[in-house]
1. In whole Å and largest first, what semi-axes does the C-alpha gyration tensor of the range 63-224 yield when each eigenvalue is scaled by 5 and square-rooted?
2. Full-extension gain between Lys77 and Gln166, please, as 0.36 nm times their residue separation minus the C-alpha to C-alpha distance.
3. Any idea how far apart Arg191 and Ser115 come out in nm if each label point goes 7 Å out from Cα toward Cβ?
4. About the Cα centre of the range 63-224, what is the dipole size in debye to 20, counting +1 per Lys and Arg Cβ and -1 per Asp and Glu Cβ, all else neutral?
Amino acid sequence: MPGVPSPTLYHRWLGWHAPALRRAAVVACLGLLAGGALAMVTSWELAAIGGWNVMALTFLAATWPMILRADGAVTRKVAGREDESRGSATLLLLAASVASLTGVFVALRLAGLSSGSARGLFIAVASSTVLVSWVVVNTVFTLRYAHLYFRAPGGGIQFGSEQSDQPDYRDFAYVAFTIGMTYQVSDTTLRDRRVRRTVLVHALVAYLFGVVIVAGAINLIAGLVR
């Protein structure tokens, strides 16, 4: 089928030909291995942050090729089959939130005890952890909205007033990242209760990132660079 990668070893174990729970297990194992390796050469705090970043980047690398290349028909088939399972999605969201909070405050605490290039490195680690975690959260909700759309009667999301073609993953990414940045939908109409409940959870998580994590990080970084 056009737009779906061939079932190579990568896609059987990590890509879209693999079940969601297997993808989550493989990603978690890679993160643990990376964290263990880093623990041999650095502090356990930075090792844990590095392990999460490897885990998150692996998840994004396995997910975004499909989001960017799938047309409406492919999106319907893949999203209708499964999104990230409810359990693995919840774990990813929880891990992203905890990793961001931990990464910001641990890395910036270490930055306050350092100087020169080491301080800059710790600030970069904190900033990149927040960014990667934010992308993971909105990517998980992208998959969730696509799954709900193709499972709900009538779709549950109206994309504009003259929607004709089937929406693809990029349309659902538009919805997810708009909520992630503004805590609201823009020109889409929500027509399904499950979609509205998911949007509520998403907006609350986005608010946590925007107000607590990002604002806290900016204040801490501003104090360090004075």
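Please treat every number below as a calculation from the coordinates, not as lab data. Predicted model only: the values in this text are computed from it and were never measured. We place every Cβ from the backbone using ideal geometry, glycine too, and count neighbours over all the protein chains shown.
1. Numbers: eigenvalues 243, 45, 35 Å².
For the range 63-224, the semi-axes come out at 35, 15, 13 Å.
2. Values: separation 89, 0.36 × 89 = 32.04 nm, distance 1.14 nm.
Extra length from Lys77 to Gln166 when fully extended: 30.9 nm.
3. Placing both labels 7 Å beyond Cα along the Cβ direction yields 6.4 nm.
4. On the way: 15 positive and 10 negative charges, 85 e Å.
Rounded to the nearest 20 debye, it is 400 debye.
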